[in-house]
1. Could you pull out the residue among P135, P168 that is touching a helix residue (DSSP H, G or I) at 6+ places or on another chain (Cβ under 6 Å) and closer than 30 Å to G320 by Cα?
2. Could you look through the stretch 50-64, keep only residues that are assigned to a loop (DSSP other than H, G, I, E, B) and more than 18 Å from A385 (Cα to Cα), and pick out the one that is most open to solvent (accessible area, probe 1.4 Å)?
3. Can you tell me which residue within the stretch 374-397, out of those that are touching a Ser or Thr at 6+ places or on another chain (Cβ under 9 Å) and of a type in the set (K, R), is farthest from Q156 (Cα to Cα)?
4. Touching an Asp or Glu at 6+ places or on another chain (Cβ under 7 Å) and without any contact (Cβ under 8 Å) to a residue 40 or more places away in the chain - does that describe any residue in the stretch 344-362?
5. Could you check how many residues of the stretch 287-305 are within 23 Å of the chain's Cα centre (by Cα), farther than 15 Å from A352 by Cα and surrounded by fewer than 21 Cβ atoms within 10 Å (Cβ to Cβ)?
6. I need the full set of residues from the stretch 336-378 which are of a type in the set (D, E, K, R) and open to solvent by 70 Å² or more (accessible area, probe 1.4 Å), in order please.
7. Taking strands (runs of 3 or more DSSP E) that fall entirely within the stretch 271-350, which contain at least 1 residues that are β-branched (V, I, T)?
8. Filter the stretch 85-134 for residues that are in a loop (DSSP other than H, G, I, E, B), farther than 27 Å from V208 by Cβ and modelled with pLDDT under 90 and give the result.
Amino acid sequence: MSIETRFIEPLDVLFLRGNKLFGDPGSHGESLVPPWPSVAAGALRSRMLADERVDLAAFAHNKVNHPTLGTPTKPGSFAVTAFHLARRFADGRVELLIAPPADLVIGESDGKVSSVRSLQPTVLASSLEASSPLPLLPVLAEEQRSKPAGGYWLTQAGWEKYLKGEKPACDDLLKASQLWAIDHRVGVGLDAHTRRAADGKLFSVQAVSMVQPRHEIAKRRVMKDDKQHEEPILADYAVGFLASVSGASLPKNGSLRLGGDGRAAALHPCDAHPPTADHATIAAARRCRIVLSTPGIFADGWRLPGVDAQGRFALGGVRGKLVCAAVPRFEAISGWDLAQREPKPARRVAPAGCVYWLDELDATPDALGKLAAAGLWDEACEDAARRAEGFNRLALACW
């Protein structure tokens, strides 16, 4: 099935709300970067319906069966297959930006990346015990304890190295401050009956301001008139999102309503596609890593779909043994159901960036490609609506 890709460029600050309620006096609304893939799914589907002049009220009540979107209760062929932070240069080139997976540990010195190290699956010493049900534990060997640095993003070059089983270099990382800034805003609670501001209901929210060309992203020291000066480093790119969709024909350009309050974003045609590992190399090595590129909604918590009690993995023609996992603390997703005008059920998810090591892999390159294209879904966790929104997506990496 063909896949279409678009670059989404914010034209205003974005309110990318998470799963925490806010609006009470003194409360604070946080933003998520990147947001859930359902944000892109909702924006693109709304634009498609508007372009075709579909009666939105009738569609919300399942009275219109769209050729590719289906209905709210029975989604059609439309499915988000990838959703990533990205930057677009003046020549139209688009580069993916990936949050470091859970098995990468970044060291920092004097505000700069000093090292990039990898967790390695290791057999636990016989004198030690752990609650992990898997035979290997992800371990970072180091002589002295250190605290990993956060707030960095892999460039596409660094991500491609990672997929090949190589370690990214220090210059393959960007600071979040080079990509976006947080703009704190104050909101006022409204009284639905009187249609005026409610007394004593002030709250704050985070607005996300994406870097645009000519924005200052850092400073550098230069010598002028035998004196040292600081001059700004200006961005030559626009930061936004890369969205790939299968099973539908997307608008080529124009605008979208994106995130909370429907802030404006521009749609650009794009030839970029997320890079993939060499599936033939993975099949020959008979082992690999599975990395979640979007949050995973799994029936057994952190455990991958298709894994039995003995740790054997079987899904989509791919078989192997789950021997190790690096899984950060769970997250919760929900969202707003525009058709039903109510919140979507909150679900615990394995966050994007989780890493799973599979050994004794039995799969053809074609089967690996089909698994990557289909996502991590089985009968126990199947959810047509969430599948269309882009959850449970993965990348395969060499191990």
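1. Selected residue: P168, the only one of P135, P168 that is touching a helix residue (DSSP H, G or I) at 6+ places or on another chain (Cβ under 6 Å) and closer than 30 Å to G320 by Cα.
2. It comes out as R53.
3. Filtering first and then ranking leaves R386.
4. Yes, because at least one residue in the stretch 344-362 is touching an Asp or Glu at 6+ places or on another chain (Cβ under 7 Å) and without any contact (Cβ under 8 Å) to a residue 40 or more places away in the chain.
5. 2
6. R341, E342, R347, R348, E360, D362, D366, K370 - these are the residues of the stretch 336-378 that are of a type in the set (D, E, K, R) and open to solvent by 70 Å² or more (accessible area, probe 1.4 Å).
7. Result: 288-292, 318-326, 331-333, 347-349.
8. Matches in the stretch 85-134: D110, L124, A125, S126, S127, L128, E129, A130, S131, S132.
The values are calculated or read from the model by the stated rules, or taken from the named source; none is laboratory data. Here the structure is a predicted model, which is why all the values come from computation and not from measurement. Glycine gets a Cβ as well: all are built from the backbone with ideal geometry, and neighbour counts include every protein chain shown. The area values use the complete protein model at the heavy-atom level, side chains included, leaving out ligands, DNA and RNA. Shrake-Rupley method; radii C 1.70, N 1.55, O 1.52, S 1.80 Å.
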